[in-house]
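Trainee: I have a structure here, written as structure tokens, and I will follow up with some questions on it.
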Amino acid sequence: MRGYIIKHSLFFMIYDYFVYGNIENHEEIRIALIEKMQKLQCRRLYALSKRAPTEEEREAAKQEYLELVGKVRANAILG
């Protein structure tokens with residue numbers, strides 16, 4: 001199983017949320033987890049666009065990656 005690195009601050013907010021029931025940081029946790037998932041998806045698609053077995057799969061992954069990166073950047077500008 002592969003591990004993923006998260007910021008210490010996010011870890012402690014999640015810990016407080018689940019262990020102590022501190023719901024004050026609910027929205028911050030939600031946003032940070034969404035951002036982390038987007039980064040993971042971008043990395044997976046980028047790797048697939050370079051290493052997929054066929055040219056069609058590489059191109060499809062590249063297009064999906066570019067669309068996702070565009071959405072992430074647009075959200076960062078608007079957010």
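The values are calculated or read from the model by the stated rules, or taken from the named source; none is laboratory data. These numbers were taken from a predicted model, which means no experiment stands behind them. Don't worry about glycine lacking a Cβ; one is built from the backbone with ideal geometry, like all the others, and counts go over all protein chains shown.
Trainee: Quick check on the range 39-52: of everything there that is surrounded by 15 or more Cβ atoms within 10 Å (Cβ to Cβ), closer than 29 Å to LYS7 by Cα and aliphatic (A, V, I, L, M), which residue is farthest from the chain's Cα centre (by Cα)?
Mentor: Step by step, filter the range 39-52, then rank; the result is LEU48.
Trainee: Might you let me know whether the range 53-61 holds any residue that is in a helix (DSSP H, G or I), touching a helix residue (DSSP H, G or I) at 6+ places or on another chain (Cβ under 6 Å) and surrounded by 10 or more Cβ atoms within 10 Å (Cβ to Cβ)? Steps first, please.
Mentor: Residues of the range 53-61 that are in a helix (DSSP H, G or I), as a first pass: 55-61.
Those left that are additionally touching a helix residue (DSSP H, G or I) at 6+ places or on another chain (Cβ under 6 Å): 58, 61.
Of the ones still in play, those that are also surrounded by 10 or more Cβ atoms within 10 Å (Cβ to Cβ) are 58, 61.
Within the range 53-61 (the criterion being in a helix (DSSP H, G or I), touching a helix residue (DSSP H, G or I) at 6+ places or on another chain (Cβ under 6 Å) and surrounded by 10 or more Cβ atoms within 10 Å (Cβ to Cβ)), the answer is yes, since at least one residue qualifies.
Trainee: Related question: Does ILE23 fit the bill of being exposed (fewer than 11 other Cβ atoms within 10 Å of the Cβ) and out of contact with any helix residue (DSSP H, G or I) (no Cβ under 8 Å at 6 or more places or on another chain)?
Mentor: Numbers: exposed (fewer than 11 other Cβ atoms within 10 Å of the Cβ): yes; out of contact with any helix residue (DSSP H, G or I) (no Cβ under 8 Å at 6 or more places or on another chain): no.
The answer is no for ILE23.
Trainee: Do we have any residue at all in the range 6-28 that's within 12 Å of the chain's Cα centre (by Cα) and not acidic (Asp, Glu)? It would help to see each step written out before you state the result.
Mentor: Here is the first cut: in the range 6-28, the ones within 12 Å of the chain's Cα centre (by Cα) are 6.
When the remaining residues are screened for being not acidic (Asp, Glu), the result is 6.
Looking for residues that are within 12 Å of the chain's Cα centre (by Cα) and not acidic (Asp, Glu), one finds at least one in the range 6-28, hence yes.
Trainee: Any idea which residue in the range 62-79 is modelled with the lowest pLDDT, counting only those that are under 26 Å from ILE5 (Cβ atoms), surrounded by fewer than 15 Cβ atoms within 10 Å (Cβ to Cβ) and not hydrophobic (A, V, I, L, M, F, W, C)?
Mentor: Among them, the one singled out is GLY79.
Trainee: I need a count of the residues in the range 1-30 that are within 28 Å of GLY70 (Cβ to Cβ) and either at pLDDT below 95 or outside any helix (DSSP H, G or I) (or both).
Mentor: 5
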